[in-house]
1. Whether any residue in segment 74-88 is under 9 Å from the mean Cα position of the chain (by Cα) and closer than 22 Å to residue 6 by Cβ is what I want to check.
2. Just a yes or no: is a residue in segment 45-67 touching a residue at least 12 places away in the same chain (Cβ under 8 Å), in contact with a His (Cβ under 9 Å, 6 or more places away or on another chain) and β-branched (Val, Ile, Thr)?
3. Which of the residues that make up segment 21-76 are of a type outside the set (Val, Ile, Thr), in contact with a Leu (Cβ under 8 Å, 6 or more places away or on another chain) and within 17 Å of residue 8 (Cα to Cα)?
4. Report, by residue number, each residue of segment 56-90 that is farther than 16 Å from residue 31 by Cβ and assigned to a helix (DSSP H, G or I).
5. Identify all residues within segment 46-67 that are surrounded by fewer than 17 Cβ atoms within 10 Å (Cβ to Cβ), out of contact with any Phe, Trp or Tyr (no Cβ under 8 Å at 6 or more places or on another chain) and either among the aliphatic types (A, V, I, L, M) or at negative phi (or both); write none if there are none.
6. What are the residues in segment 1-47 that are part of a loop (DSSP other than H, G, I, E, B) and under 14 Å from residue 63 (Cα atoms), if any?
7. Counting just the residues of segment 3-36 that are buried (at least 18 other Cβ atoms within 10 Å of the Cβ) and among the basic types (Lys, Arg), which one comes out farthest from residue 54 (Cα to Cα)?
8. Can you tell me which of (1) surrounded by 13 or more Cβ atoms within 10 Å (Cβ to Cβ); (2) in contact (Cβ under 8 Å) with a residue 24 or more places away in the chain; (3) farther than 12 Å from residue 55 by Cβ is the one residue 39 doesn't meet?
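No lab work stands behind these numbers, since they all come straight from the coordinates. Small disclaimer: the values here were computed from a predicted structure and weren't measured. Counting neighbours? That spans all protein chains shown, and the Cβs are built from the backbone with ideal geometry, glycine included.
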Amino acid sequence: MAISRADRRALRSERARAEFGRDADVALDVLELTEFAWHDCYNEITPPDEVVDDIFVVAQGNLATFVRMARLAVEDFRDLRLAADAVRGR
């Protein structure tokens, strides 16, 4: 069953609020832009949940890093995974 963009945003909202507080909507906007780019590059509606999780993990609540990692997710999600694994290994 397909999930709408609005539903995906709602599902990600709690985590975004927990990690970015008043900037949560900005983070959610970045994820929406990431979906557009992901679709253009991979012809899939949205990145897999694991990729979105990796973006959050590496950002560690820093919005600028979140933006950079969202870009990296589209450019080369394998590099993002390595960075996320390094953070998780700490």
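1. No, that holds for no residue.
2. yes
3. 27, 54, 70, listed by residue number.
4. Those that are farther than 16 Å from residue 31 by Cβ and assigned to a helix (DSSP H, G or I): 76, 78, 79, 81, 82, 83, 85, 86, 87, 88.
5. Within segment 46-67, 48, 49, 50, 53, 62, 64, 65 qualify.
6. None - no residue of segment 1-47 is part of a loop (DSSP other than H, G, I, E, B) and under 14 Å from residue 63 (Cα atoms), so the list stays empty.
7. The residue in question is 8.
8. Condition (2) is where residue 39 drops out.
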